[in-house]
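The values are calculated or read from the model by the stated rules, or taken from the named source; none is laboratory data. It should be emphasised that the depicted structure is a prediction, and the values quoted were computed from it without experimental measurement. With ideal geometry, Cβ positions are generated from the backbone for all residues, glycine too; neighbour counts draw on all protein chains shown.
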Ligand code: ATP
Ligand code: MG
């Protein structure tokens with residue numbers, strides 16, 4: 001039952017390295033964004049001071065903890081779980097699992113029989129520990145200067161009032177509540193209030209259309225939908241309530257009437273008088289919630305009771321309704337947060353993700369609050385009023401940990417350094433990235449320019465399904481390699497398998513799978529356990545299949561290469577999308593790239609590259625040639641793109657990920673087969689791309 005012995009061997013050999021040997025000085029010497037002479041071997045070390053103060057400060061220490069976590073998962077996790085409050089302890093086992101679909105139904109259980117409450121652990125426990133006066137949430141509005149804050153004691157009162165209201169209107173343990181709110185403080189408050197009474201929340205990102213919202217409402221049949229009347233994005237006001245209205249009409253037509261729409265009046269965006277209203281169904285939050293008591297008894301739930309339902313981003317197809325349970329998720333998000341960001345009680349933490357995504361669940365709301373952290377919640381857009389907004393916020397709240405997505409890093413990089421260097425950013429000590437592989441050139445810009453070469457970057461690989469980080473640097477322990485998510489988190493046993501499902505050892509690439517369960521794993525797809533097994537456990541029996549491609553280098557570092565469905569096969573060479581895109585993005589005039597495979601008479605598949613240029617750079621024949629050349633030089637002639645397609649914008653999901661399946665259809669001119677585009681952030685880019693096809 002040992003982890004991939006291979007990984008353990010590598011870790012062992014890594015422990016021979018001097019740790020915290022000071023930063024590699026030549027990293028600071030290289031011109032920003034230019035690849036290092038020998039990319040493969042270049043490691044970026046955490047500074048001595050950083051490592052010394054870190055929770056895990058050396059490869060040896062990681063190794064000891066990791067070994068224990070995989071050799072004795074029950075012991076490892078029950079020790080950690082004991083630091084939480086459990087009304088009753090688990091019984092009789094810490095966990096039980098069947099991951100092998102050929103041996104019966106796939107089932108994971110952690111801390112079964114224990115009774116707890118994640119809201120109690122995330123809020124009450126901090127107040128009871130004497131930290132009621134500590135700021136739990138700093139809220140920064142869309143307009144600079146529009147802000148607010150809540151201490152843990154105040155947060156508890158707000159959560160209790162809403163929980164009492166929900167109970168009053170008949171919401172009970174196990175009932176679903178759909179939340180369609182922007183990043184107001186009321187969003188985490190609502191999630192916590194649901195958790196407090198054992199209701200199952202389903203947050204729908206407040207950028208989704210009425211149709212997408214209706215689909216989700218019809219799927220989970222909530223007692224209540226909670227929204228606000230409007231929100232401002234940049235200078236535009238979006239009438240959320242009207243979107244909810246149409247979604248609710250649609251769900252009635254589908255036999256799912258929702259009797260109550262609790263609406264928060266977001267005064268900065270829209271007045272009450274201007275809001276369309278359905279008497280008997282709609283209720284103003286401000287009219288009812290504040291009248292309820294500020295204390296509310298906790299509903300103790302089984303560790304295996306459902307906590308929430310959340311749909312995946314929809315990058316590869318129709319979103320999947322992922323179900324997480326209370327106990328394992330609680331222990332896992334709190335622990336991953338603590339170690340991957342080297343959390344200290346003095347930290348001010350900001351994650352730019354919206355609570356509509358898993359990142360906002362695990363690492364805006366639950367993970368940080370379970371650690372008693374101070375969290376920044378930002379309602380606005382990173383380029384409003386200008387591209388310096390993030391660093392303005394970092395300076396304003398003295399943010400120490402900044403966690404974001406590669407798409408944001410690349411878009412800010414495109415705007416130039418001036419927007420960054422204008423601000424001090426002195427408070428920063430750890431940076432983080434999630435959502436896609438981060439291209440090495442974007443990594444370096446993030447590291448050198450944003451972090452002033454002082455802050456380790458936690459490139460966290462994980463999924464909605466995994467609940468929390470799976471492969472991630474521990475910033476004080478490991479030297480990093482730009483673009484690698486480094487090593488597995490405690491208790492996680494990644495394996496790389498070939499087409500037939502055989503584990504491959506050593507330096508290799510293939511399909512990324514996970515062996516054995518972990519506490520934060522999803523337990524099912526809502527209402528469809530069969531699809532759960534078919535999608536994730538049947539492709540390679542005995543493993544959880546992630547859908548991602550991955551390679552492991554000679555030092556044991558893991559490199560995510562993109563979705564396996566996106567792998568391109570050129571004359572027998574299997575090429576991951578991430579590799580070619582990283583080469584393109586390392587061109588100083590290329591801001592973003594997305595590559596797909598297209599049919600090719602001779603090579604089987606050819607490489608078709610969509611490229612977005614740096615602000616103000618015109619597209620030219622010369623530039624086209626130099627883009628192809630940079631891929632030839634960095635990867636090899638076989639990977640040279642056959643076609644470069646200039647793309648002023650790329651089709652992205654609303655969580656900012658590139659949707660390659662749509663690009664594939666554009667590249668192969670199958671325009672009538674674009675598929676589900678409902679999760680696209682801006683559908684107009686598709687038409688624009690079709691027009692520019694022959695440029
Ligand atoms: P769907 O499953 O509906 O297609 P999705 O996979 O984009 O949507 P998420 O669960 O939000 O939905 O994203 C998880 C995926 O994001 C991973 O499988 C991986 O492809 C990618 N990813 C996340 N973090 C990283 C990272 N640090 N490095 C590389 N890839 C990452
Ligand atoms: Mg996915």
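Worth a mention:
- Among residues of the range 542-565 that are in a loop (DSSP other than H, G, I, E, B), those with a beta-carbon under 8 Å from a residue that is within 16 Å of ligand 2 (Cβ to nearest atom) at least six positions away or on a different chain give the pairs 543/513; 543/514; 543/537.
- Considering the range 317-349, and only residues there that are touching a strand residue (DSSP E or B) at 6+ places or on another chain (Cβ under 6 Å) and within 16 Å of ligand 2 (Cβ to nearest atom), the residue that is farthest from residue 492 (Cα to Cα) turns out to be 319.
- Of all residues in the range 168-205, those being in a loop (DSSP other than H, G, I, E, B) and touching a helix residue (DSSP H, G or I) at 6+ places or on another chain (Cβ under 6 Å) number 2.
- Test: residue 377 is at pLDDT 95 or above, over 15 Å from residue 118 (Cα atoms), buried (at least 21 other Cβ atoms within 10 Å of the Cβ) and away from ligand 1 (no atom under 16 Å from the Cβ): yes
- Flag: residue 85 does not match the condition of being in contact with a strand residue (DSSP E or B) (Cβ under 7 Å, 6 or more places away or on another chain) and buried (at least 21 other Cβ atoms within 10 Å of the Cβ).
- Failed criterion for residue 427 (all others in (1) in contact with a strand residue (DSSP E or B) (Cβ under 8 Å, 6 or more places away or on another chain); (2) more than 16 Å from ligand 1 (Cβ to nearest atom); (3) outside any loop (DSSP other than H, G, I, E, B); (4) at pLDDT 95 or above hold): (3)
- Criterion violated by residue 688 - all others in (1) over 22 Å from residue 409 (Cβ atoms); (2) assigned to a strand (DSSP E or B); (3) under 30 Å from the mean Cα position of the chain (by Cα) satisfied: (2)
- So residue 602, is it closer than 23 Å to residue 573 by Cα and touching a helix residue (DSSP H, G or I) at 6+ places or on another chain (Cβ under 9 Å): no
- Breaking point among (1) at pLDDT below 95; (2) buried (at least 20 other Cβ atoms within 10 Å of the Cβ), for residue 138: (1)
- So residue 638, is it more than 16 Å from residue 664 (Cβ to Cβ) and at pLDDT below 95: yes
- Test: residue in the range 587-609 that is under 21 Å from residue 414 (Cβ atoms), part of a helix (DSSP H, G or I), touching a strand residue (DSSP E or B) at 6+ places or on another chain (Cβ under 8 Å) and touching a residue at least 24 places away in the same chain (Cβ under 8 Å): no
- Of the strands (runs of 3 or more DSSP E) contained entirely in the range 292-408, those carrying at least 2 residues that are closer than 19 Å to residue 468 by Cβ fall at 306-311, 321-325, 348-351, 401-404.
- Tally of residues being buried (at least 24 other Cβ atoms within 10 Å of the Cβ) and either under 22 Å from residue 683 (Cβ atoms) or modelled with pLDDT under 95 (or both) across the range 218-229: 0
- Any hit, the range 438-448, residues being near ligand 1 (Cβ under 8 Å from one of its atoms), closer than 14 Å to residue 408 by Cα and either buried (at least 24 other Cβ atoms within 10 Å of the Cβ) or in contact (Cβ under 8 Å) with a residue 40 or more places away in the chain (or both): yes
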